Amino acid sequence: MLPNHRVVPCPAVRTVASGLWWLSALVLLLSATAASASPLILVLGLKREGQPTTKARQVVVQHLLRMGEPALSPGLGSAELLCTEQACLQRLGRAFSARRILGGEIFPNDRSFLVRLWIYDLDSEQPTLVEERCTECSEELLQESVSRAAGRLVDALALVTNQQPAASSDARPSATTTQPATTQPANPQSPQPAAQETTVGLELEQRPRCLARSYTFKRGLLAGALSALGLASLGSAIALTATDGDVYLPADGAAFPTDMLNNFGRTARTLYGLSAVALLGGAASFAPWERWTQGSLPPCPEQPEGRWTFRRGLAVGAFGSLALSGLVVSSAMAGLDGKTWGFNQIGTPVPYQMHTATQAGFGTTAFLGVGLAVSLLIP
């Protein structure tokens, strides 16, 4: 009977076994890392008033990198920066080995902005959108809103990806839009596959989903200026019509054998025409066109207007336009005062007598200027 003994493996066998174990662990670690790594995001341009903005694009890239997302922003042409067509997005994705493409647009509204970002997943062919509003916004606050929207967009895409059930190879998911607290479908119709270039649903998502405030400071400025000029022109035309044919200079012996009469007919007709155009423009500025054309949309949540309201615009526009027109008319009368207007029947020159009217005009202009200053400076 053999004595008890232990079999001790040789050092070579132990080394090989240890190496195989560490190699297996390394392979599993690399596989898990590759599976969990985020796809490369190609950042296109953010359109603002029809042009891509470089600053907003840099803000998006920097925020994505801080979040640990691989982001790329290569030099592209203007058409490629504003690309929203499916064929164009796929071509850019292949060219830069990116599986996700990000873009967006900044919508200005007076001193407020709506930031709308979208990201398109080339694998699932699904766009996801988020919105961020900035009221009474400076340029610095706008860039902060762009940065927040980029972070929310990545979070929303991750949420949609985790919640999305496995789809069949011939089915294509619809576009998804995210609001500040929810993620919901925004386009119930899936895009139809076609050979020609088609958009990925991003342009359709840019239609307003609520009726924003339309009576802004700029609109008030236009409405006040046109309405005030129209009413002033109408009043002047009526006054000239009433004094047309009145005696301008009475007869004075040999110097003025007959009375010199006012002849304001053509001037009055011109003012009637100008007043009609200005009043029509003012009425169009007051009309609720948005409510008539988009009446089915619900009103957007009310945001604080701040200092520059529609009513302030009305006051600034009215006082400013009247003060400017009063200054022009008064200066013209001052230049004509004492100049020769014409000649009577015997050749005697007839001068303009506008001293009193000039003084009244400059006084009225000064009063309107004070009104303009008050409408601008009051809190």
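How much net charge surrounds residue 157 when only other residues with a Cβ under 13 Å from its Cβ are counted (Lys, Arg +1; Asp, Glu -1)?
Details: positive: 99, 100, 152; negative: 69, 121, 123, 155.
Net charge around residue 157: -1.
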Would you mind ranking 67, 354 by Cβ crowding within 10 Å, fewest neighbours first? 67, 354
Could you go through the stretch 85-92 in sequence order and give the Karplus-derived ³J(HN,Hα) for each residue, using 6.51 cos²θ - 1.76 cosθ + 1.60 with θ = phi - 60°, rounded to whole Hz, and x for Gly and Pro? 7, 4, 4, 5, 5, 5, 5, 5
Spacing of the two label points (7 Å from each Cα toward its C-beta) at residue 331 and residue 218, in nm: 2.8 nm
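Provide the FRET efficiency to the nearest 0.05 for the residue 241-residue 277 pair, computing r from the beta carbons and using R0 = 22 Å.
Working: r = 18 Å, r/R0 = 0.83.
Efficiency computed from Cβ-Cβ geometry: 0.75.
Nearest 0.05, what FRET efficiency do residue 135 and residue 90 give at R0 = 30 Å with Cβ-Cβ as r? Spell out each step's value before the answer.
Working: r = 37 Å, r/R0 = 1.24.
Efficiency at R0 = 30 Å is approximately 0.20.
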So between residue 284 and residue 109, what do we pick up on full extension, going 0.36 nm a residue minus the alpha carbon distance? 61.1 nm
Sorted by packing (mean other beta-carbon atoms within 10 Å per residue), highest first, where do 54-60, 287-293, 42-48 land? 42-48, 54-60, 287-293
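Find out how many positive minus negative residues lie around residue 108, taking Lys and Arg as positive, Asp and Glu as negative, among other residues whose Cβ is under 11 Å from that of residue 108. It would help to have the intermediate numbers written out before the result.
Values: positive: 48, 111, 218; negative: 49, 105, 110.
Once all neighbours under 11 Å are counted, the net charge is 0.
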Under 24 Å from residue 47, Cα to Cα: lysines that are on another chain or at least 8 residues apart: 55, 218
Cut-off 15 Å between beta-carbons: net charge of the residues surrounding residue 259, Lys and Arg +1, Asp and Glu -1: -3
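Since every read-out is calculated from the coordinates, none of them should be taken as a lab result. As the structure is a prediction and not an experimental result, all values here were calculated from the model. Methodologically, a virtual Cβ is constructed for each residue, glycine included, from the backbone with ideal geometry; neighbour enumeration extends over all protein chains shown.
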